[in-house]
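Working notes for the structure below.
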Amino acid sequence: MTIQTGDKVTIKRGKLNGQAGEVIAFQEDPAAYVLKLEDGTFSVQNAGNVKAPTEATITQGELAAILSSAVTTGGDDTLSVRDVIHYIDAKFPGFASRISYPADAAE
C-alpha cells in the first residue's frame, strides 16, 4: 500500500518507536515523511521507519477518478450505489465487505 498525505502511520524504530502520526508531506530524495505526531510536534522519518496504515485512505482525486471512470465506462451519467461500491471495491479490495455489502453484488 502506498502511504499518502493524510494517512495515519506508526513509527517503527528509534526514540519515537510506537508513536502514531499523520503524514503531512513526503520528500523523494532521500525518501522521508513529515509527520505531525499526536502531541502536536513534528517529526521527519525515513520511509523505511514508518508502518503503513492497515486501511487505505482514498483521496478526493482518487474518488473523482474512480467515479469519472465509472461514468465513462458505463456509458450513462447516472450511477447507482451498487455501481459506486463496485468501482471503489475494484480499486480498494475489501471495501464492499467493510460496509457489509454482499460480495457477489459488488462483482
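The values are calculated or read from the model by the stated rules, or taken from the named source; none is laboratory data. Computed from a prediction, not measured in an experiment: that's the story for all the values here. With ideal geometry, Cβ positions are generated from the backbone for all residues, glycine too; neighbour counts draw on all protein chains shown.
Being part of a loop (DSSP other than H, G, I, E, B) and either surrounded by 15 or more Cβ atoms within 10 Å (Cβ to Cβ) or among the hydrophobic types (A, V, I, L, M, F, W, C) (or both) is the filter here, so list the residues in the stretch 57-70 that pass it. Those that are part of a loop (DSSP other than H, G, I, E, B) and either surrounded by 15 or more Cβ atoms within 10 Å (Cβ to Cβ) or among the hydrophobic types (A, V, I, L, M, F, W, C) (or both): T57, I58.
With the condition kept exactly as written, say whether any residue in the stretch 28-47 is hydroxyl-bearing (S, T, Y), at pLDDT 90 or above and in contact with a helix residue (DSSP H, G or I) (Cβ under 9 Å, 6 or more places away or on another chain). Within the stretch 28-47, one or more residues are hydroxyl-bearing (S, T, Y), at pLDDT 90 or above and in contact with a helix residue (DSSP H, G or I) (Cβ under 9 Å, 6 or more places away or on another chain). Could you say whether any residue in the stretch 34-56 is surrounded by fewer than 11 Cβ atoms within 10 Å (Cβ to Cβ), in a loop (DSSP other than H, G, I, E, B) and not β-branched (V, I, T)? Yes, there is a match, as at least one residue in the stretch 34-56 is surrounded by fewer than 11 Cβ atoms within 10 Å (Cβ to Cβ), in a loop (DSSP other than H, G, I, E, B) and not β-branched (V, I, T). Here V23, V9 are screened, and the one residue that is touching a Lys or Arg at 6+ places or on another chain (Cβ under 9 Å), closer than 20 Å to T59 by Cα and touching a residue at least 40 places away in the same chain (Cβ under 8 Å) is V9.
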